[in-house]
Amino acid sequence: MKKKILAGLMSAAFILPSLTLASGIDESKNDLVYGVALSDSQRQDVDKALGAKGDENILSVNGSDLEKYLGYSTADSNMISSVYVKRDVKDKGIGVSIKTPANITEITESQYANAAITAGITDADIIVVSIKPVTGESALVGVYKAEEARGKELDTNRTQVAQKELEAVSEVAKENEGKENFDGEKLDTVIIEVKQKLAEHKENEGEKADPSQIVTYIKDALADVDMGDILSNNNIEILVNYFESYQETSAIDSEEVKENLKALATDLSEKANKFYQDNKETIDEIGKEVQESGILEKLANFFQSIINSIMEAFSSNENDPSN
């Protein structure tokens with residue numbers, strides 16, 4: 001009898017190889033993670049916004065999860081934003097879409113992607129929703145919790161440093177909001193480029209970059225996107241402090257991080273190029289007056305600078321057989 005039971009259990013294990021028994025997560029399905037503060041009716045609103053099919057793995061995040069992954073605490077009532085994590089994206093890197101951009105007030109799509117890569121997430125499409133204006137950290141925590149529910153142990157030092165990244169970039173962006181020639185998307189590409197430069201420095205020199213070298217990398221990256229004279233010395237110091245923390249994590253040596261940053265950079269360049277091409281095609285519709293004002297030329301140069309800086313930052317990797 002015992003042998004029959006054992007044989008039956010073994011058969012079940014082969015029939016359901018994708019089921020992670022410890023967590024109840026079916027790895028063949030996508031993950032839907034709600035902020036714990038949502039009511040049942042609000043969850044339905046989230047489902048509608050996300051286009052949920054009803055067959056997802058369901059989880060929720062609370063204040064304790066936020067403290068674990070981000071390093072600070074909050075009440076469960078503040079956990080509002082939710083996330084849908086698609087898993088059928090093997091070798092495609094990290095993609096992010098914010099379905100309710102007016103309700104995610106602190107984190108951009110590129111920043112979500114950058115933070116997820118720093119934390120060690122790979123190959124996922126992340127879709128963020130909130131039923132009211134919030135900062136958006138609950139959704140990021142949801143990505144981390146879903147990852148660990150699948151059996152992948154995340155380094156909380158890296159997730160907390162990823163949070164420092166969000167805070168640093170957000171602070172710099174807020175201080176410069178409205179300034180001529182400042183753009184948050186350009187700042188996101190600066191973060192990517194400096195991470196790559198720091199990884200190259202560590203690989204080539206065998207040691208971490210010192211603060212003065214980090215300043216040089218930041219200023220070079222800013223110059224690449226025509227923002228060399230925009231940020232204040234205090235802004236630079238904020239970024240230096242973050243990058244010093246980043247260098248202390250295993251992300252600096254991770255091949256997965258390098259590949260995902262490269263994929264993110266490619267995605268940003270493709271989006272920038274598409275926007276540039278779309279506006280180029282509408283020149284005739286906009287009219288001669290606008291053309292003569294130089295707005296379109298500035299717009300084209302703006303997006304082309306993003307494309308050029310990203311491709312230059314990663315051009316050395318294209319010729320490196322180890323990547």
In region 28-65, residues that are among the β-branched types (Val, Ile, Thr) and closer than 20 Å to residue 123 by Cβ total 1
Q) If you check residue 127 against the conditions, is it crowded, with 18+ Cβ neighbours inside 10 Å, of a type outside the set (D, E, K, R), closer than 23 Å to residue 84 by Cα and modelled with pLDDT of 95 or more? A) yes
Apart from one, (1) basic (Lys, Arg); (2) in contact (Cβ under 8 Å) with a residue 12 or more places away in the chain; (3) not in a loop (DSSP other than H, G, I, E, B) all hold for residue 48; the odd one out is (2)
Inside region 215-265, the number of residues satisfying the requirement of being within 19 Å of the chain's Cα centre (by Cα), surrounded by fewer than 20 Cβ atoms within 10 Å (Cβ to Cβ) and part of a loop (DSSP other than H, G, I, E, B) is 1
Across region 189-211, the tally of residues that are of a type in the set (Asp, Glu), surrounded by fewer than 23 Cβ atoms within 10 Å (Cβ to Cβ) and part of a helix (DSSP H, G or I) stands at 3
Of those in region 78-92 that are closer than 22 Å to residue 256 by Cα and part of a loop (DSSP other than H, G, I, E, B), the residue modelled with the highest pLDDT is 87
Would region 102-112 turn up any residue that is more than 21 Å from residue 265 (Cα to Cα), touching a residue at least 60 places away in the same chain (Cβ under 8 Å), in a helix (DSSP H, G or I) and not acidic (Asp, Glu)? no
Checking 190, 134, 143 in turn, the sole residue that is farther than 19 Å from residue 264 by Cβ, of a type outside the set (Asp, Glu) and in contact (Cβ under 8 Å) with a residue 12 or more places away in the chain turns out to be 134
Please tell me if residue 73 is without any contact (Cβ under 8 Å) to a residue 12 or more places away in the chain, out of contact with any Cys (no Cβ under 9 Å at 6 or more places or on another chain) and assigned to a loop (DSSP other than H, G, I, E, B). yes
Given (1) touching a Gly at 6+ places or on another chain (Cβ under 8 Å); (2) in a helix (DSSP H, G or I); (3) surrounded by fewer than 23 Cβ atoms within 10 Å (Cβ to Cβ); (4) not hydroxyl-bearing (Ser, Thr, Tyr), residue 164 misses just (1)
Within region 36-45, residues assigned to a helix (DSSP H, G or I) and either over 21 Å from residue 77 (Cβ atoms) or of a type in the set (Gly, Ala, Ser) (or both) come out as 41
Filter region 17-35 for residues that are in a strand (DSSP E or B) and farther than 16 Å from residue 142 by Cα; the one that is modelled with the highest pLDDT is 26
Restricting region 91-117 to residues that are surrounded by fewer than 20 Cβ atoms within 10 Å (Cβ to Cβ) and under 11 Å from the mean Cα position of the chain (by Cα), the one nearest to residue 51 (Cα to Cα) turns out to be 97
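The values are calculated or read from the model by the stated rules, or taken from the named source; none is laboratory data. Owing to the predicted nature of the structure, the values given are computational and were not obtained by experimental measurement. Neighbour counts run over all protein chains shown; Cβ positions are idealised from the backbone, glycine included.
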